[in-house]
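Below: one structure, written as structure tokens.
Every number here is computed from the coordinates shown, using simple stated rules; none is lab data. None of these values were measured; they are calculated from a predicted model. Methodologically, a virtual Cβ is constructed for each residue, glycine included, from the backbone with ideal geometry; neighbour enumeration extends over all protein chains shown.
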Amino acid sequence: MAGCCDSQASRCFCATPQELCKPEEAGREKRRKSEANMQKAFGKKSIIFLFVFPAFLIYTLFVIVSIVWAGYYSFFDWSGVGEKAFIGLKNYVDLLAGDDIFRSTVWHTIVYTIINVLIQVFGGLLFAILLSRVKKGRVTLQTLYYVPVVISSVAICQIFSKLLSVTPTGVVNQLLSLFNPALKVMEWTSNPSISLYVTAFVEGYKYLGLYMVIFYAALIGVPDELGEAALIDGASHFQEYLYVKIPYIKPVIIANCLLVLNGSLRSFEFSYLLTHGGPGNASELMTTYMYKQAFTSMKYGYGSSVAIMIVIICMVVGLVFRKITGEGAEE
């Protein structure tokens, strides 16, 4: 051992394997104790309350209080200024029994939501699967797909307004005119037959990249052993995704569906910026109708009743969806 010692440092560097493992074992033991202490600390109710309370306070001030005030104003005939006249449930009776436009906006919102679920969730899943199969340029493609997410909704709407423009002719109509000259004057946002679908497509395009990234992260988290076992058993790559990987990330799919449902039912800016709910009421959503009633027609009480109905519909759809997907039972 003497020949293995460093006289200047007063230490020996010749050691048995057991002695070499001691520092590593001490480090692991230290990490285990640190993790145990952290879990113990976060298990305390006071620590949990410390983390939850700020978010709960902000949520209460900006969401719960707003809903309560909207519910209060919905019982009044009020223009937003001046005296309020209490009318009880008259706004709700008029809204549900005599307002054909509101009923049409409910149907438009349902269609709008279905289109967004198809584009954002299932389109995002498809792009994530394709991205997981790419070997070269994956980061570049992922960045390009995600760019629309970070661009503001106003900018996205302006871009599509120019792309779909008729006068001057936009890029989309120019390309379509190569196949059919009549399509050079195709109306997109001012055509009552398709304006709702165009608006829904624009929102779906903006957020598709977001859900693609979420699905991609979920797919690369699937254990390789599962896919390899399926391939060894004779499954194709299509069957590997269909019967192994997609079922494995089912909770992520359900969570994303719930997020898109909630966001689409409350969507406002795309319909308002692209078509203003028109032409006529062809692309009017519940949110744009609420805005027009409260701030354009100056029927603040009536607009508040529309807002409360939006909240109720969102809650009912969310609860029904969770019931159907079994989320409530799992929790």
What is the extension gain from PHE53 to SER236, computed as 0.36 nm multiplied by their sequence separation minus the C-alpha to C-alpha distance, in nm to one decimal?
60.9 nm
With a 10 Å radius around each residue's Cβ, average the other Cβ atoms per peptide and rank 192-201, 159-168, highest first.
192-201, 159-168
Listed by chain and number, the residues whose amide H is under 5 Å from that of PHE76, excluding neighbours fewer than 5 places away on the same chain and using placed H, are ILE87
Could you tell me whether segment 182-227 comes out rounded, prolate or oblate from its Cα gyration tensor? Rule is a ≥ b ≥ c as square roots of the eigenvalues, rounded for a/c under 1.5, then prolate if a/b exceeds b/c, otherwise oblate.
prolate
Output the peptides 52-59, 215-222 sorted from most to least packed, where packing is the average of other Cβ atoms within 10 Å over each peptide's residues.
215-222, 52-59
State the extension gain, in nm to one decimal, for the chain segment bounded by MET315 and ALA85, taking 0.36 nm per residue of separation less the distance between their alpha-carbons.
79.9 nm
So, in nm, how far is label ALA217 from label ILE64 when the simple model puts each one 7 Å beyond its Cα toward the Cβ?
2.8 nm
When you count, for each residue, the other Cβ atoms within 10 Å and take the mean per peptide, how do 237-246, 263-272, 127-136 rank with the highest first?
263-272, 237-246, 127-136
Rank the residues VAL320, VAL106, VAL121 as a footprinting-exposure proxy: fewest other Cβ atoms within 10 Å of their Cβ go first.
VAL320, VAL106, VAL121
Taking a threshold of 24 Å on the Cα-Cα distance, which of the pairs LYS206/LYS323; LYS206/LYS245; LYS250/LYS323; LYS45/LYS323; LYS162/LYS299 fall above it?
LYS206/LYS323; LYS206/LYS245; LYS45/LYS323; LYS162/LYS299
Tell me, what is the FRET efficiency for LEU176 and VAL154 to the nearest 0.05, using R0 = 30 angstrom and their Cβ-Cβ distance as r?
0.70
Once you have the Kirkwood Rh of segment 150-309 from its Cα pairs, apply Stokes-Einstein at 4 °C and 1.567 mPa s and quote D in µm²/s.
69 µm²/s
